Amino acid sequence: MLAVSVGEVKNKLSYFLHLIESQKESIQITRHGKPIAFITDKETNDKFSKQALFSDSLEEWRNKYSHLFTNEEIDRIFDRDRTIDSDIRHPEDFAI
């Protein structure tokens, strides 16, 4: 994932859109060093949307059947991955 300030995105939007299209690179937009938004290609967005939908459905299922299963049992059933991608890179890492 590429971390870029709002100003950089504003000044070089075409460049960053090209990175997203050509290299499937995700962009984290920051203001004062703090993340405020993400831009991804459509395929990645669709993947995360499906994962979010699954997570929401799983939480509903957990709540509905909490009297039958513990959270640990449900996690084992679904083998839920709780890791977050923290591989942040910068524009200088790319030569286009």
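Just so it is clear, none of the values below were taken in a lab; they were calculated from the coordinates. Only a predicted model underlies this, so the values are computations on that prediction, with no experimental measurement involved. Because the Cβ atoms are built from the backbone with ideal geometry, glycine has one as well, and the counts that use them run over all protein chains shown.
Computed extension gain for Lys24 through Phe38, at 0.36 nm per residue and net of the alpha carbon distance, reaches 3.7 nm. Mean sequence separation of contacting Cα pairs (under 8 Å, at least six apart), scaled by the length of the range 14-55, corresponds to a relative contact order of 28 percent.
In this structure, Leu13 and Glu73 have a Cβ-Cβ separation that, at R0 = 41 Å, corresponds to a calculated FRET efficiency of about 0.30.
Rounded to the nearest Hz, the phi-derived 3J(HN,Hα) couplings of the range 37-44 under the Karplus curve 6.51 cos²θ - 1.76 cosθ + 1.60 (θ = phi - 60°) are 6, 10, 10, 9, 6, 4, 4, 5, where x marks glycine and proline.
Highest-first packing order for the peptide set 31-40, 17-26 is 17-26, 31-40, based on the mean count of other beta carbon atoms within 10 Å.
Amide H to amide H, with H built 1.01 Å from N, Phe38 comes under 5 Å of Ile29, counting only residues 5 or more places away or on other chains. The phi-based Karplus calculation (6.51 cos²θ - 1.76 cosθ + 1.60; θ = phi - 60°) puts the 3J(HN,Hα) values of the range 21-32 at 5, 7, 10, 6, 7, 8, 10, 9, 8, 10, 10, 6 Hz, whole numbers, x for Gly and Pro.
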